[in-house]
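S.K.: Have a look at the structure that comes next, please.
The values are calculated or read from the model by the stated rules, or taken from the named source; none is laboratory data. Predicted model only: the values in this text are computed from it and were never measured. Please note: Cβ atoms are built from the backbone with ideal geometry, for glycine as well, and neighbour counts cover all protein chains shown.
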Amino acid sequence: MSAESYLASPRGVRSWLLTTDHKRIAILYLVSVTLFFFLGSAFAVAIRLELLTPAGDAVQADTYGRLFTMHGVVMIFFFLIPAIPTVLGNFLVPMMIGARDLAFPRLNLLSWYVYVLGASISLWAIVHGGVDTGWTFYTPFSTTYSNGAVVTTGIGVFITGFSSILTGLNFIVTIHRMRAPGLGWYRLPLFIWAHYATSLMMVLGTPVIAMTLLLVVAERALGLGIFDPARGGDPILFQHLFWFYSHPAVYIMVLPAMGVISELVTAFAKKNIFGYRFVAWASIAIAVLGFFVWGHHMFVSGQSAYAGMVFSALSFLVAVPSAIKVFNWTATLYRGSVSFRTPMLYAFGFIGLFTIGGLTGLFLSALGLDVHVHDTYFVVAHFHYIMVGGTIMAFLGGLHYWWPKISGSSYPEGWARFSALVIFVGFNLTFFPQFLLGYLGMPRRYHAYPPELQVLNVMSSAGASILGVGYLIPMVYLFWSMRYGARVAANPWGASGLEWTTPSPPPTCNFETTPVVTQDPYTYSSEEAQVVG
Amino acid sequence: MRWELDLFPERASTVAGEVDALYLALCLVSGLFAVLIAVLIVVFAIKYRRRSEADLPRPVSGSLGLEITWTVIPLVIALAFFAWGSSLYFTLTEVPRDALEVVVVAKRWMWKFQHLEGRREINELHVPVGRPIRLTMASEDVIHSFFVPAFRIKRDVVPGRTSITWFEATRPGRYRLFCAEYCGARHSGMVGWIVAMAPADWARWLRAEVAGESLAQRGAKIFVQHGCASCHRGGPSQRGPALEGLFGRRVRLEGGGTVLADEQYLRESIESPGARIVAGYSLLMPAYRGLVSQEELLDLIAYLRSLGPAGPGTEAR
Amino acid sequence: MAEAGHSQAPVSSLKHHFDDMEQQQAASTLGMWVFLATEVLFFGGALTVYAVYRLVYPAAFSAASNHLDVRIGAVNTVVLIGSSLTMAIAVWSARRNGPRSTRMLVGSLAMTALLGSVFLAIKATEYSAKLAAGLFPGPAFRFPGAHARPAELFYSLYFVLTGLHALHLAIGIGVVAVVAARAARGRYDLEYHGPVEITGLYWHFVDVVWIFLFPLLYLVGRGG
Amino acid sequence: MAPAHPSPSIYVAVFMTLVGLTALTVWAASAHLGAWSGVIALSIATTKATLVVLYFMHVRYGERFIAVVAVAGAFWLAILVVFVLADVLTRSWLPILVR
């Protein structure tokens, strides 16, 4: 081995803060999003503590409004949206396509600084009184009535949006222009397809929320009237603009997760994916269809019933490509060689939880039923199944799978399996009762609730404490492994994929010589593929 | 701590059963799918578990037939539920013709109710069972949402417009009312009760308090106070369109097109009269936005509705 | 493609992670286009608000728009189109070698920046007139007639849209100035002219935004 | 990929056309065209923008995929505008008064 690993050289804090190496930027992001994940979790702990008893006794009502708002803002904008693309995507997109870096390495570093700036401004808002609008910033509450730091938080989220745009732009250009010789579109790993689809959404959706937040800030800070009903403005118009981005944002979180799962399932079944082209195009279909469904957040808002019908129909349609993916992952196991290593446990967890999350999405797409469950804990449970059960399971699964590549060392398998199990159990105990609470009619964002709903709330809080422990364990042993874990070879899992052809951890240039690709992805066996069905 | 564990809210309106039917059907179908996936994963994972590291399964290329199957079947099921959900939605949205009227004003953090006959209540609404109730709702400040789980209804109350929903209680009882759209610190305190009573009890309740004026009477007073009458009442001084029998009719507009004279249009014409002017008139009327409160506005609309039935010019829609 | 040897460009112009100049140029052009697609959606958010309110309050929007001066808008349109012409010529001359085309490149870039500044200067006088007339939304907003409130919506959108456009233009002027300074040092030639090209794309995009803003803001309901 | 780029004479011709279209749109706005004036103004603006994109921005001469990106931006904006307007314009359709 001639070149030193990207972790070892060059040395010094300066070399990290000024790095343009996509792998180091991925590490910078890993550290920052992990910090925000634990900050967001701290807010969640406080929320679940308050909800142990029906009376609003643990924190003030005003504080509670700030807690769930900051939980949402931090988790969504500073953890879930960036998590997989900026950490795993940054690290792996160039390596999987045989490139030396992303197309615009300096923009990549800039995107991290933009993220840090936006996040710092939002943190400053938290310290200076917090914000109490909910992460949805609905007008006219946010523009006229809120007593929180709406302007500061809005600016923070606005700025962070550009970090997302820069990442998406970089991925699109990289995937188009920097693929290794022989690497045609249908030879790309599904992780790349998923990130391409995600980037489309980042690039085309994020600017709309940027403008929307800018208008809210202009209205609140400068007195311009945009959504103000007192001046003839339309608060529902704000919701349209907000959800035009924020619904696709859910797919920004879950598409990269699906990309990770496709890698895990194939690697630990040692088999090519079932229905490659269907899984690949399902990502694109979700990304495009995902832009047509935002109105399902507004069925009871006074949106036209006819527009509601169109949005409902399209929301049902977007379920189909998701179903296709789940079926294909399942079918990939068929006649495979299934190993139960930690990443695969997370993949199983993802498929299970995402299936429940996706299916309950149908409940919310059905117009007449959504009227009852809208803005209740049913919705809260549903999107946590997608975002936490989906995105975080995949993020942890992917982190475990590529950890030997990223760090060059292995983690304790027993602890890892144990914590995966704890997370799965804790998650279900936390969020399944919330479906029941929602159908019983418990509205979300309630500081105090009717006493007859206490049992389910206590179950949920108990689950949350288990879940919290589950998240702390990997944090500890992954950190531990960097120093004490056994060194690993280039390809410890025996997986396919270009990223496993270079040393662990890889050298700064990724590949000594540009690889030439001659076969399809997930080729584990030279045998002729057999046709089933 | 109360050791109760219900799985269903009470079912106390005409639509509750229909909503529950859709819910249970979806539970059944998604349960089947979830179990199918879970069973397949468990069976495959165990049957094809890795027996040795040297295992090398034969690749499988996929199957067009299977792909089409698991695309088309979910698609058909999804579209069926779409149709079911939509038709239910129209049931929930379209107000029966013989509905009793109640006017609702939401403000941080209370619900104010006014019965057509004049009786007012706060955070508690008494209604008879067996009669559809039409709620005409307005907000004084931010977006609120009128939510009664036992009735399976919910409707946002958006400032700047009139929101309408309806329900018909089927069983006497007290049912929780929530505000479902976050409206500030005491959002979870913006709750109340819907008290459904036997019709005879309700009639007694309605008369128990010496009712003031009816909504329409109050509206008529406001009509005079704000000088509306000087332009909108017949005679030589009439400069605005006549308002008798206006409500529910289609009106021709200056510059082409028509509009249905519903709550929304009347509200707009009072608050911002220039937006859509009736054909044959010019804009003389000042904008009353901010000059009349939401309650006064709803009183005015009630008065306009009371001005005679829609004449023969009504176009059914 | 794997070997990076066959390009004759100065080594400093080719970034380490690209194989050749062609790949680098193609990447930066695509990058700029993706960014511009983002910009379309950014302005698009406010344009959607505009579309809705114009449909809901047509009379008010006509009345409000009639307080803008069409002549100023039209002159500024021509100024900006002119700057696009000089920018296009700059990109054309950047692709050529020789001192004559370098002079032409620097000259047309300077002209572009100048025309951009003229646009901003005219815009500034227009802004101050509108502020003096009490047309800035907020408590001090004054508008005669019955349409005051929807007219305030119009002017909110007017200031947001033209303000953001002016900000984009100001950034463009700065970038053009930097590119012109580098061009004067003979930095660009047939092999390496990517920065001029993507600056041109950005500049033309700002022009396109104005091409839409002009009729949407200045030409509503002029026919009465 | 070495596309033939247009010469300055084409640029000047495009510029003249754009100025002409600007004059046309100002003139059309002052004519009494009623409901059509908005459509005409937008059509002229779209024509002008297309000219800029095709000639000044070289989409006519470049790679096909660049055109796809350009159209994608416009298309996604159309999704937003069309669906929002679909809501706003049909809000009063539902005969909410009677069943």
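S.K.: I'd like the residue in region D:4-33 that is more than 13 Å from C:Trp92 (Cβ to Cβ) and exposed (fewer than 12 other Cβ atoms within 10 Å of the Cβ) and, out of all such residues, is nearest to the other protein chains (Cβ to nearest Cβ).
M.R.: Step by step, filter region D:4-33, then rank; the result is D:His32.
S.K.: Assigned to a helix (DSSP H, G or I) and crowded, with 23+ Cβ neighbours inside 10 Å - does that describe any residue in region C:9-20?
M.R.: Residues of region C:9-20 assigned to a helix (DSSP H, G or I): C:11-13.
Next, from what is left, pick out any that are crowded, with 23+ Cβ neighbours inside 10 Å: none.
Scanning region C:9-20, I find no residue that is assigned to a helix (DSSP H, G or I) and crowded, with 23+ Cβ neighbours inside 10 Å, so the answer is no.
S.K.: Output the residues belonging to region A:398-439 that are of a type in the set (A, V, I, L, M, F, W, C), under 30 Å from B:Met190 (Cα atoms) and either in contact (Cβ under 8 Å) with a residue 60 or more places away in the chain or surrounded by fewer than 21 Cβ atoms within 10 Å (Cβ to Cβ) (or both). Spell out the reasoning first.
M.R.: At the first step, the residues of region A:398-439 found to be of a type in the set (A, V, I, L, M, F, W, C) are A:399, A:402-403, A:406, A:415-416, A:418, A:420-425, A:427, A:429, A:431-432, A:435-437.
Still in the running and under 30 Å from B:Met190 (Cα atoms): A:429, A:431-432, A:435-437.
Answer for region A:398-439, where residues must be of a type in the set (A, V, I, L, M, F, W, C), under 30 Å from B:Met190 (Cα atoms) and either in contact (Cβ under 8 Å) with a residue 60 or more places away in the chain or surrounded by fewer than 21 Cβ atoms within 10 Å (Cβ to Cβ) (or both): A:Leu429, A:Phe432, A:Phe435, A:Leu437.
S.K.: Considering every residue within region A:139-147, establish whether at least one is closer than 18 Å to A:Ala210 by Cα and in a helix (DSSP H, G or I).
M.R.: Yes; the residues of region A:139-147 include at least one that is closer than 18 Å to A:Ala210 by Cα and in a helix (DSSP H, G or I).
S.K.: Just checking, does region B:39-46 include any residue being facing chain A (nearest Cβ under 9 Å), surrounded by 15 or more Cβ atoms within 10 Å (Cβ to Cβ) and either among the hydroxyl-bearing types (Ser, Thr, Tyr) or not in a helix (DSSP H, G or I) (or both)?
M.R.: No.
S.K.: Please give the number of the condition B:Phe147 fails out of (1) closer than 22 Å to B:Tyr265 by Cβ; (2) facing chain A (nearest Cβ under 10 Å).
M.R.: (1)
S.K.: Among residues belonging to region A:189-211 that are within 24 Å of A:Met298 (Cβ to Cβ) and β-branched (Val, Ile, Thr), point out the one that is farthest from the chain's Cα centre (by Cα).
M.R.: In this case the residue turns out to be A:Val208.
S.K.: Looking for whichever is more than 17 Å from A:Tyr471 (Cβ to Cβ) and either surrounded by fewer than 24 Cβ atoms within 10 Å (Cβ to Cβ) or modelled with pLDDT under 95 (or both) here; the options are A:Gly352, A:Gly389. Which one fits? Give the derivation first.
M.R.: Details: A:Gly389 fails: more than 17 Å from A:Tyr471 (Cβ to Cβ).
Being more than 17 Å from A:Tyr471 (Cβ to Cβ) and either surrounded by fewer than 24 Cβ atoms within 10 Å (Cβ to Cβ) or modelled with pLDDT under 95 (or both) holds for just one of A:Gly352, A:Gly389, which is A:Gly352.
S.K.: Here's something else I'd like to know. Which of the residues spanning region A:1-49 are closer than 29 Å to A:Leu437 by Cβ and touching a helix residue (DSSP H, G or I) at 6+ places or on another chain (Cβ under 6 Å)? Break it down stepwise before answering.
M.R.: So the first thing to find is which residues in region A:1-49 are closer than 29 Å to A:Leu437 by Cβ, and the list is A:36-49.
A:Phe36, A:Phe37, A:Leu39, A:Gly40, A:Phe43, A:Ala44, A:Ala46, A:Ile47, A:Arg48 - these are the residues of region A:1-49 that are closer than 29 Å to A:Leu437 by Cβ and touching a helix residue (DSSP H, G or I) at 6+ places or on another chain (Cβ under 6 Å).
S.K.: With charged (D, E, K, R) and at positive phi as the only criterion, which of B:Arg161, B:Arg171, B:Arg152, B:Arg176 stands out? Write out each step before concluding.
M.R.: Working: B:Arg161 fails: at positive phi; B:Arg171 fails: at positive phi; B:Arg176 fails: at positive phi.
Residue meeting the stated conditions: B:Arg152.
S.K.: Just the residues that are facing chain C (nearest Cβ under 9 Å) and among the aliphatic types (A, V, I, L, M), please, taken from region D:41-58.
M.R.: D:Ala41, D:Leu42, D:Ile44, D:Ala45, D:Ala49, D:Val52, D:Val53, D:Met57
S.K.: Of (1) surrounded by 18 or more Cβ atoms within 10 Å (Cβ to Cβ); (2) charged (D, E, K, R); (3) in contact (Cβ under 8 Å) with a residue 24 or more places away in the chain, B:Glu213 satisfies all except one. Which?
M.R.: Answer for B:Glu213: the failing condition is (1).
S.K.: Here is a list of conditions, (1) touching a residue at least 24 places away in the same chain (Cβ under 8 Å); (2) surrounded by fewer than 24 Cβ atoms within 10 Å (Cβ to Cβ); (3) assigned to a loop (DSSP other than H, G, I, E, B), and A:Thr133 meets all of them except one; can you say which number that is?
M.R.: For A:Thr133, the failing item is (2).
S.K.: While we're on this one: Would you please name the residue that is nearest to the other protein chains (Cβ to nearest Cβ), looking only at residues in region B:173-189 that are closer than 16 Å to B:Ile122 by Cβ and in a helix (DSSP H, G or I)?
M.R.: Within region B:173-189, the match that is nearest to the other protein chains (Cβ to nearest Cβ) is B:Arg186.
S.K.: Specify which of the listed residues (D:Val81, D:Val39, D:Val88, D:Val52) is in contact with a Ser or Thr (Cβ under 7 Å, 6 or more places away or on another chain), within 30 Å of B:Glu254 (Cα to Cα), β-branched (Val, Ile, Thr) and assigned to a helix (DSSP H, G or I).
M.R.: Values: D:Val39 fails: in contact with a Ser or Thr (Cβ under 7 Å, 6 or more places away or on another chain); D:Val88 fails: in contact with a Ser or Thr (Cβ under 7 Å, 6 or more places away or on another chain); D:Val52 fails: within 30 Å of B:Glu254 (Cα to Cα).
Result: D:Val81 is the single residue among D:Val81, D:Val39, D:Val88, D:Val52 that is in contact with a Ser or Thr (Cβ under 7 Å, 6 or more places away or on another chain), within 30 Å of B:Glu254 (Cα to Cα), β-branched (Val, Ile, Thr) and assigned to a helix (DSSP H, G or I).
S.K.: Here are B:Pro57, B:Pro9: which of them is under 28 Å from the mean Cα position of the chain (by Cα) and either closer than 15 Å to A:Leu369 by Cα or at pLDDT below 95 (or both)?
M.R.: Numbers: B:Pro57 fails: under 28 Å from the mean Cα position of the chain (by Cα).
Just one listed residue meets the conditions, B:Pro9.
S.K.: Take A:Phe171 and tell me if it is under 18 Å from the mean Cα position of the chain (by Cα) and surrounded by fewer than 21 Cβ atoms within 10 Å (Cβ to Cβ). It would help to see each step written out before you state the result.
M.R.: Numbers: under 18 Å from the mean Cα position of the chain (by Cα): yes; surrounded by fewer than 21 Cβ atoms within 10 Å (Cβ to Cβ): no.
No.
S.K.: Does A:Met253 satisfy the criteria of being within 30 Å of A:Ile155 (Cβ to Cβ) and touching a Leu at 6+ places or on another chain (Cβ under 7 Å)?
M.R.: Values: within 30 Å of A:Ile155 (Cβ to Cβ): yes; touching a Leu at 6+ places or on another chain (Cβ under 7 Å): yes.
Spelling it out, A:Met253 is indeed within 30 Å of A:Ile155 (Cβ to Cβ) and touching a Leu at 6+ places or on another chain (Cβ under 7 Å).
S.K.: Let me ask something else about it. Got a sec? Which of A:Ile236, A:Ile284, A:Ile273, A:Ile252 is buried (at least 23 other Cβ atoms within 10 Å of the Cβ) and more than 10 Å from chain B (Cβ to nearest Cβ)?
M.R.: Details: A:Ile236 fails: more than 10 Å from chain B (Cβ to nearest Cβ); A:Ile284 fails: buried (at least 23 other Cβ atoms within 10 Å of the Cβ); A:Ile273 fails: more than 10 Å from chain B (Cβ to nearest Cβ).
Exactly one residue qualifies, and that residue is A:Ile252.
S.K.: On to the next question. If I filter region B:19-35 for residues that are within 9 Å of chain A (Cβ to nearest Cβ), crowded, with 17+ Cβ neighbours inside 10 Å and not in a helix (DSSP H, G or I), do I get at least one hit?
M.R.: No; the residues of region B:19-35 include none that is within 9 Å of chain A (Cβ to nearest Cβ), crowded, with 17+ Cβ neighbours inside 10 Å and not in a helix (DSSP H, G or I).
S.K.: Filter region A:56-74 for residues that are of a type in the set (S, T, N, Q), surrounded by fewer than 19 Cβ atoms within 10 Å (Cβ to Cβ) and within 30 Å of the chain's Cα centre (by Cα) and give the result.
M.R.: First pass over region A:56-74, keeping only residues of a type in the set (S, T, N, Q): A:60, A:63, A:69.
Filter once more, so that each one left must be surrounded by fewer than 19 Cβ atoms within 10 Å (Cβ to Cβ): A:60, A:63.
Across region A:56-74, the qualifying residue is only A:Thr63.
S.K.: So A:Arg187 fits all but one of (1) surrounded by fewer than 24 Cβ atoms within 10 Å (Cβ to Cβ); (2) within 25 Å of C:Val52 (Cβ to Cβ); (3) touching an Asp or Glu at 6+ places or on another chain (Cβ under 7 Å); what number is the exception?
M.R.: Status for A:Arg187: all satisfied but (2).
S.K.: Looking at region B:126-136, is at least one residue touching a residue at least 40 places away in the same chain (Cβ under 8 Å) and closer than 20 Å to B:Arg186 by Cα?
M.R.: Scanning region B:126-136, I find no residue that is touching a residue at least 40 places away in the same chain (Cβ under 8 Å) and closer than 20 Å to B:Arg186 by Cα, so the answer is no.
S.K.: Of all residues in region B:288-317, count the ones that are at pLDDT 75 or above, part of a loop (DSSP other than H, G, I, E, B) and out of contact with any helix residue (DSSP H, G or I) (no Cβ under 6 Å at 6 or more places or on another chain).
M.R.: 3
S.K.: Hey, among C:Pro139, C:Pro58, which residue is within 30 Å of B:Glu268 (Cα to Cα) and either crowded, with 20+ Cβ neighbours inside 10 Å or in contact (Cβ under 8 Å) with a residue 24 or more places away in the chain (or both)?
M.R.: Numbers: C:Pro139 fails: either crowded, with 20+ Cβ neighbours inside 10 Å or in contact (Cβ under 8 Å) with a residue 24 or more places away in the chain (or both).
Going through C:Pro139, C:Pro58 in turn, just one is within 30 Å of B:Glu268 (Cα to Cα) and either crowded, with 20+ Cβ neighbours inside 10 Å or in contact (Cβ under 8 Å) with a residue 24 or more places away in the chain (or both): C:Pro58.
S.K.: On to the next question. For the list (1) surrounded by 15 or more Cβ atoms within 10 Å (Cβ to Cβ); (2) modelled with pLDDT under 95; (3) under 22 Å from A:Ile406 (Cα atoms); (4) out of contact with any Lys or Arg (no Cβ under 8 Å at 6 or more places or on another chain), I need the number of the one condition that A:Leu453 fails.
M.R.: Evaluating A:Leu453 over (1) surrounded by 15 or more Cβ atoms within 10 Å (Cβ to Cβ); (2) modelled with pLDDT under 95; (3) under 22 Å from A:Ile406 (Cα atoms); (4) out of contact with any Lys or Arg (no Cβ under 8 Å at 6 or more places or on another chain) leaves (3) as the failure.
S.K.: Check region A:216-230 and report whether any residue there is within 30 Å of B:Ala287 (Cα to Cα) and of a type in the set (Phe, Trp, Tyr). Quick ask: steps written out before the conclusion?
M.R.: Looking only at region A:216-230, we keep the residues that are within 30 Å of B:Ala287 (Cα to Cα), and these are A:216-230.
Retained after the next criterion (residues that are of a type in the set (Phe, Trp, Tyr)): A:227.
The answer is yes; a qualifying residue exists.
S.K.: Any residue in region A:212-224 that is within 22 Å of the chain's Cα centre (by Cα) and closer than 22 Å to A:Val173 by Cα?
M.R.: Within region A:212-224 (the criterion being within 22 Å of the chain's Cα centre (by Cα) and closer than 22 Å to A:Val173 by Cα), the answer is no, since none of the residues qualifies.
S.K.: Another question, if that's okay. Just to be sure before I move on: is C:Val206 within 13 Å of chain D (Cβ to nearest Cβ), crowded, with 19+ Cβ neighbours inside 10 Å and modelled with pLDDT under 95 in the structure I sent?
M.R.: no
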